[in-house]
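To keep things clear, I will list the structure first and then write my remarks on it.
The values are calculated or read from the model by the stated rules, or taken from the named source; none is laboratory data. Note that the coordinates shown come from a computational prediction; the quantities given were computed from them, not determined experimentally. We place every Cβ from the backbone using ideal geometry, glycine too, and count neighbours over all the protein chains shown. Side chains included, ligands, DNA and RNA excluded: accessible areas come from the protein's heavy atoms. Shrake-Rupley method; radii C 1.70, N 1.55, O 1.52, S 1.80 Å.
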Amino acid sequence: MLVAQQLYEGLSIGDEGDVGLITYMRTDSTNVAAQALQETATLIRRKYGAEYAPSKPRSYTRKVKGAQEAHEAIRPTSVMREPESVRRYLSNDQARLYDLIWKRMVASQMSDALFDSTSVSIGVTGTLSRREYELRASGSILKFAGFRAVYMEGKDDVDDDDADHPPIPKLEKGELLDCLDIDPEQHFTKPPPRFSDASLVKVLEEEGIGRPSTYASIISTLEMRDYVTKEGSRFVPTNLGKVVTGLLVKNFTDVMDVGFTAGMEEKLDDIAEGEQQWTPVIGQFYDPFEQAVEKAMSEAERVPREQLEEPTDEVCEECEHPMVIKSGRFGRFMACTGYPECKNTRPVESPEERAVRELVSEDVDELCGKCERRMAVKNSQSGRFLGCSGYPDCKNAKPLRVGVACEKCGSDMIERKQKGRNGRIFYGCINYPECKHTVNPLPQPCLDAASCWCLRDAAAGTQSVSTTPADSVVPCQIPILRRPSMEAQDWRTER
């Protein structure tokens, strides 16, 4: 939503100056202005041909509860600004989002795709039973691409029926066929797939829950509070999420009903439109809700901590007890089951995140500038930092330098972490906010030499960056930022 806001507010596009690239984005309307429809039809005829433009503009209607139709549909302010023409002025995320909006707008006003469909019925006689069977096969061949020349909507899951199959060969009625092979397959009923971002928003729309402006916050709240984790593109509930849901359903049955939220939103819309007074509406909700809260506070059973812990295959490196995943004020973390005798903890990390963290060694040979005790790498909500081992007597702390220089100002780069419990590690200039240069570490070794780190420029996308003059080193074949040796002063080694 933040990237869409940037496209809506406007960006500097060459000679045009600051231009808003898309219309208002917090809407689920499908209405499009007549002028935009005419401009889109002109583009389609010019770029793809007259056969790709229908005889009259296409119109769409919403069949969603509580759809907000006050604004236009999300579309480019001008389809004549093709993604390729503005790409150099946008960041990667901005370009990808604009490309998606532009393609969907143009494709929505193009002709249908045409297929030649074929169905074949094959009569078969069993070799032993002599029973008659009928086998059926169907296939289709694309004859006219239509809107598919611009855009094809992806799918989170590919069913067997959606998989690519070879086309049916040319056959004649009554033709005798030879059975070359039999491939028996047994199919079982599959459970419904877990929600992805797209499928969850679709259900919220169908049930009339939330608005386009709140979908992103609903999903981010589920992740920020560790109620779910992401496996690929799918949400998977954590033990904490299951326990919280169980308690809420048991003690607040009415509030947790899907229809409650949709009904409440309808009442709030009525209040906004002046059809109802807010005092009786809130009173009807709050009085029974207050009683339910008091009852739950006095009667609800305390959940054993063991139900909130998630077992892992990890073993504590200090006492060799199993490690479990727990939840704390800074998010999920691994803790030793030998607590309180062993207080070892570590962050919950994917293999990629662990590879990024290990780029910067935690073996620090540095003394505190105030008390001369040893400095140690510590963790906080904002990421790792160097802190005095004499804490809390000495609270001296400093950023964790990663050993590379800022490409823009030459100062040191330090390790930082995005806000939120599940924020990712990135490297930023120590001179922030005067210098806002950042790079994202890539969890992969450099393919060209061991003296490099693989980094991605956060603003311009993946590119080669270097802290040294171009003639002093041989450039890498993949995007990198050179890593100076911690032991040697002269690290500009020819490769």
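Couple of notes before you dig in:
- If you filter region 431-444 down to residues that are surrounded by fewer than 18 Cβ atoms within 10 Å (Cβ to Cβ) and in a loop (DSSP other than H, G, I, E, B), you find that the one that is modelled with the lowest pLDDT is Gln444.
- Residue under evaluation Gly123, criteria (1) part of a loop (DSSP other than H, G, I, E, B); (2) open to solvent by 40 Å² or more (accessible area, probe 1.4 Å), criterion not met: (1)
- Top-ranked residue of region 7-46 - restricted to ones that are hydrophobic (A, V, I, L, M, F, W, C), assigned to a helix (DSSP H, G or I) and buried (at least 16 other Cβ atoms within 10 Å of the Cβ), ranked as nearest to the chain's Cα centre (by Cα): Leu7
- Test for Ala4: is it surrounded by 16 or more Cβ atoms within 10 Å (Cβ to Cβ) and either at positive phi or part of a loop (DSSP other than H, G, I, E, B) (or both): no
- Region 283-329, residues that are open to solvent by less than 100 Å² (accessible area, probe 1.4 Å), modelled with pLDDT under 90 and assigned to a loop (DSSP other than H, G, I, E, B): Ala300, Val303, Pro304, Glu309
- Listed conditions (1) surrounded by fewer than 16 Cβ atoms within 10 Å (Cβ to Cβ); (2) over 21 Å from Leu308 (Cα atoms); (3) under 23 Å from the mean Cα position of the chain (by Cα); (4) not hydroxyl-bearing (Ser, Thr, Tyr) are all met by Ile209, apart from (1).
- In region 133-155, residue modelled with the lowest pLDDT [restricted to those that are surrounded by 11 or more Cβ atoms within 10 Å (Cβ to Cβ) and under 26 Å from the mean Cα position of the chain (by Cα)]: Met152
- Selected residue (criterion: most open to solvent (accessible area, probe 1.4 Å)) from residues of region 388-410 that are modelled with pLDDT under 90, touching a strand residue (DSSP E or B) at 6+ places or on another chain (Cβ under 7 Å) and among the small types (Gly, Ala, Ser): Ser389
- Of all the criteria given as (1) open to solvent by 60 Å² or more (accessible area, probe 1.4 Å); (2) under 21 Å from Glu349 (Cα atoms); (3) touching a residue at least 12 places away in the same chain (Cβ under 8 Å), the one not satisfied by Arg194 is (2).
- Take the conditions (1) touching a Ser or Thr at 6+ places or on another chain (Cβ under 6 Å); (2) part of a helix (DSSP H, G or I); (3) modelled with pLDDT of 90 or more; Leu240 misses just one of them, which is (3).
- Residues satisfying the stated conditions in region 72-107, i.e. among the basic types (Lys, Arg) and assigned to a helix (DSSP H, G or I): Arg87, Arg88, Arg96, Lys103, Arg104
- When the test is whether a residue is on the phi > 0 side of the Ramachandran plot, at pLDDT below 90, open to solvent by 40 Å² or more (accessible area, probe 1.4 Å) and not hydroxyl-bearing (Ser, Thr, Tyr), Arg130 passes it.
- Residue that is farthest from the chain's Cα centre (by Cα) [pool: residues in region 330-349 that are over 15 Å from Asp226 (Cβ atoms) and open to solvent by 50 Å² or more (accessible area, probe 1.4 Å)]: Glu341
- Any hit, region 156-170, residues being open to solvent by 60 Å² or more (accessible area, probe 1.4 Å) and either of a type in the set (Phe, Trp, Tyr) or at pLDDT 85 or above (or both): no
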